[in-house]
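Novice: Quick one: the structure is below, and I'll ask about it shortly.
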Amino acid sequence: MSVPSPRVRKVVIPAAGRGTRLLPATKSQPKEMLPVARKPTIQYVVEEMVGAGLSHILIVSGRSKRAIDDHFDPDTSLQAELSRKQNAELLEQLAFERLDVHYFYARQSEPRGLGHAVLLAEEFVAGEPFVVALGDSIIWHGENHSLMTRLIETHLQACAAATIAVEEVPAADVVHYGIVEPKHEVGPVFPIADLIEKPSVEAAPSRYAIAARYVFNPQIFEMLRRTEPGHGGEIQLTDAIRQLLRAGWPVWCVRLEKDQQRYDIGNFESYFRAFVEISLRDPELGEGLRAHLRRLLAVGEENGS
Ligand code: UTP
């Protein structure tokens, strides 16, 4: 896998949203810490970033989010205990604590929107191009197909001000997503003319939905400052990207490949699906789970339920 240019080394992971759609599960714990199969969601995000050669991670957290900071702190007493018990298998489960990465934290004391969370990263970013990866979305990909690497390479080659990962969704689902309007024909990478939050099926300019990963140049901060609070009184990142487009800056998209999939943990329907699908891929327990589900569903069909 090719590693992106060292010109992009910083990532912002917004993880300060309230997660109200997952209540009561998220009343006192961050949705980004909800487990999907063996790991908390945000650990997949961090591992994806490190796998793409990114080394400086700013997590934007907030009220009731301490579990995130605790998770990424190396726990030396737990390591010592597992070493003493010679439990190599469990020690291996803590390998993520030793990733070659520098963590930084910002606090969004009130969730004033994704755009506001990104704005808090301005000092950390210090004038460099940077990645934004939503802490509640997992990108699953096959071997050697890093979406992040393609996103960063496209951003640099196209001299874009913003580059957005997009996935094709069924026509009926456009109403749930931010949808992009391609400038010309759509290829694996393509420039856009506009984007629209949650359009009706008729008004949707395409079926390409924004998929939780972005690369930005620092101009985005100026646009975020100019952005008025929109839906729900929150500062929306998509509104700031529209401002970039209006100011004439190029914005590009990178399409998820066939073997790449986005799992949004933000609502129960997609969280349940993510848990089942990713658990089915577990090297040790996946096959057993598959057999169990087959039996369960066959009995359900026999009983007509
Ligand atoms: P969502 O748009 O799903 O918002 O966040 P939310 O507020 O967490 O969810 P609901 O609607 O209350 O259920 C997408 C990502 O942006 C972060 C979230 O933590 C999530 O990872 N976010 C959102 C922030 O960091 N700050 C915010 O103010 C809003």
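The values are calculated or read from the model by the stated rules, or taken from the named source; none is laboratory data. Treat the numbers as computed from the prediction; the structure is a model and nothing was measured. Here the Cβ is made from the backbone with ideal geometry for all residues, glycine too, and neighbour counts use every protein chain on show.
Novice: Does Q43 qualify as being farther than 20 Å from A121 by Cβ, more than 15 Å from the chain's Cα centre (by Cα), away from the ligand (no atom under 11 Å from the Cβ) and crowded, with 17+ Cβ neighbours inside 10 Å?
Specialist: Working: farther than 20 Å from A121 by Cβ: yes; more than 15 Å from the chain's Cα centre (by Cα): no; away from the ligand (no atom under 11 Å from the Cβ): yes; crowded, with 17+ Cβ neighbours inside 10 Å: yes.
Considered against the rule, which asks whether it is farther than 20 Å from A121 by Cβ, more than 15 Å from the chain's Cα centre (by Cα), away from the ligand (no atom under 11 Å from the Cβ) and crowded, with 17+ Cβ neighbours inside 10 Å, Q43 comes out as no.
Novice: Considering only residues that are in a helix (DSSP H, G or I) and near the ligand (Cβ under 10 Å from one of its atoms), look in region 109-120 and name the one that is surrounded by the most Cβ atoms within 10 Å (Cβ to Cβ).
Specialist: Looking only at region 109-120, we keep the residues that are in a helix (DSSP H, G or I), and these are 114-119.
Remaining after also requiring near the ligand (Cβ under 10 Å from one of its atoms): 114-118.
Details: L114: 22, G115: 23, H116: 21, A117: 28, V118: 25.
Restricting to residues being in a helix (DSSP H, G or I) and near the ligand (Cβ under 10 Å from one of its atoms), the top hit is A117.
Novice: A further question follows. Determine which member of the set V189, V175 is within 16 Å of the ligand (Cβ to nearest atom), of a type in the set (A, V, I, L, M, F, W, C) and surrounded by fewer than 23 Cβ atoms within 10 Å (Cβ to Cβ).
Specialist: Details: V189 fails: within 16 Å of the ligand (Cβ to nearest atom).
Testing whether each residue is within 16 Å of the ligand (Cβ to nearest atom), of a type in the set (A, V, I, L, M, F, W, C) and surrounded by fewer than 23 Cβ atoms within 10 Å (Cβ to Cβ) leaves just V175.
Novice: Applying the selection to region 50-76, what residues are at pLDDT 95 or above and within 14 Å of the chain's Cα centre (by Cα)?
Specialist: Within region 50-76, I57, L58, I59, V60 qualify.
Novice: Please go through region 121-141 and pick out each residue that is touching a Leu at 6+ places or on another chain (Cβ under 9 Å), more than 9 Å from the ligand (Cβ to nearest atom) and part of a loop (DSSP other than H, G, I, E, B).
Specialist: A121, P129 - these are the residues of region 121-141 that are touching a Leu at 6+ places or on another chain (Cβ under 9 Å), more than 9 Å from the ligand (Cβ to nearest atom) and part of a loop (DSSP other than H, G, I, E, B).
Novice: Right, another one. Looking at (1) out of contact with any Asp or Glu (no Cβ under 8 Å at 6 or more places or on another chain); (2) under 30 Å from I179 (Cβ atoms), which is the only condition R295 fails?
Specialist: For R295, the failing item is (2).
Novice: Further question: Quick one: which residue in A126, A121 is within 30 Å of G248 (Cα to Cα), of a type in the set (A, V, I, L, M, F, W, C) and free of Cβ contacts under 8 Å to residues at least 24 places away in the same chain? I'd like the intermediate steps shown before the answer.
Specialist: Values: A121 fails: free of Cβ contacts under 8 Å to residues at least 24 places away in the same chain.
Within the list A126, A121, the selection yields A126.
Novice: Considering only residues of region 51-75 that are over 16 Å from K10 (Cβ atoms), in contact with a strand residue (DSSP E or B) (Cβ under 9 Å, 6 or more places away or on another chain) and among the small types (G, A, S), which is farthest from the ligand (Cβ to nearest atom)?
Specialist: Filtering region 51-75 for residues that are over 16 Å from K10 (Cβ atoms), in contact with a strand residue (DSSP E or B) (Cβ under 9 Å, 6 or more places away or on another chain) and among the small types (G, A, S), the one farthest from the ligand (Cβ to nearest atom) comes out as A67.
Novice: Identify all residues within region 191-230 that are in a helix (DSSP H, G or I) and free of Cβ contacts under 8 Å to residues at least 12 places away in the same chain; write none if there are none. Lay out the reasoning, then the answer.
Specialist: If we filter region 191-230 for residues that are in a helix (DSSP H, G or I), which is where we start, we get 219-226.
Listed by number, the list holds a single entry, E222.
Novice: On to the next question. Collect the residues in region 126-146 that are at pLDDT below 95 and in contact with an Asp or Glu (Cβ under 9 Å, 6 or more places away or on another chain), keeping them in residue-number order.
Specialist: Answer for region 126-146, where residues must be at pLDDT below 95 and in contact with an Asp or Glu (Cβ under 9 Å, 6 or more places away or on another chain): W140, H141, G142, E143, H145, S146.
Novice: Filter region 237-246 down to the residues that are touching a residue at least 60 places away in the same chain (Cβ under 8 Å) and more than 23 Å from P188 (Cβ to Cβ), then identify the one that is surrounded by the fewest Cβ atoms within 10 Å (Cβ to Cβ).
Specialist: Within region 237-246, the match that is surrounded by the fewest Cβ atoms within 10 Å (Cβ to Cβ) is D239.
Novice: To continue, here is another question. Just to check your reading of the model, which residue among E228, E234, E197 is within 16 Å of the ligand (Cβ to nearest atom), surrounded by 17 or more Cβ atoms within 10 Å (Cβ to Cβ) and modelled with pLDDT under 95? Spell out how you get there, then give the answer.
Specialist: Working: E228 fails: surrounded by 17 or more Cβ atoms within 10 Å (Cβ to Cβ); E197 fails: surrounded by 17 or more Cβ atoms within 10 Å (Cβ to Cβ).
Just one listed residue meets the conditions, E234.
Novice: In region 11-21, how many residues are within 6 Å of the ligand (Cβ to nearest atom) and either part of a loop (DSSP other than H, G, I, E, B) or in contact (Cβ under 8 Å) with a residue 60 or more places away in the chain (or both)? Talk me through it step by step, then tell me what you get.
Specialist: As a first pass, look at region 11-21 and keep what is within 6 Å of the ligand (Cβ to nearest atom): 14-21.
Remaining after also requiring either part of a loop (DSSP other than H, G, I, E, B) or in contact (Cβ under 8 Å) with a residue 60 or more places away in the chain (or both): 14-19, 21.
Qualifying residue count, region 11-21: 7.
Novice: State whether the residues of region 247-264 include one that is in contact with a strand residue (DSSP E or B) (Cβ under 8 Å, 6 or more places away or on another chain), part of a helix (DSSP H, G or I) and surrounded by 14 or more Cβ atoms within 10 Å (Cβ to Cβ). Step through it out loud before you land on a result.
Specialist: Within region 247-264, the subset in contact with a strand residue (DSSP E or B) (Cβ under 8 Å, 6 or more places away or on another chain) is 249-257, 259-264.
Restricting the remaining residues to those that are part of a helix (DSSP H, G or I) gives none.
Checked region 247-264: no residue is in contact with a strand residue (DSSP E or B) (Cβ under 8 Å, 6 or more places away or on another chain), part of a helix (DSSP H, G or I) and surrounded by 14 or more Cβ atoms within 10 Å (Cβ to Cβ).
Novice: Would you say E257 is over 16 Å from V180 (Cα atoms), within 16 Å of the ligand (Cβ to nearest atom) and of a type in the set (D, E, K, R)?
Specialist: So E257 fails the test.
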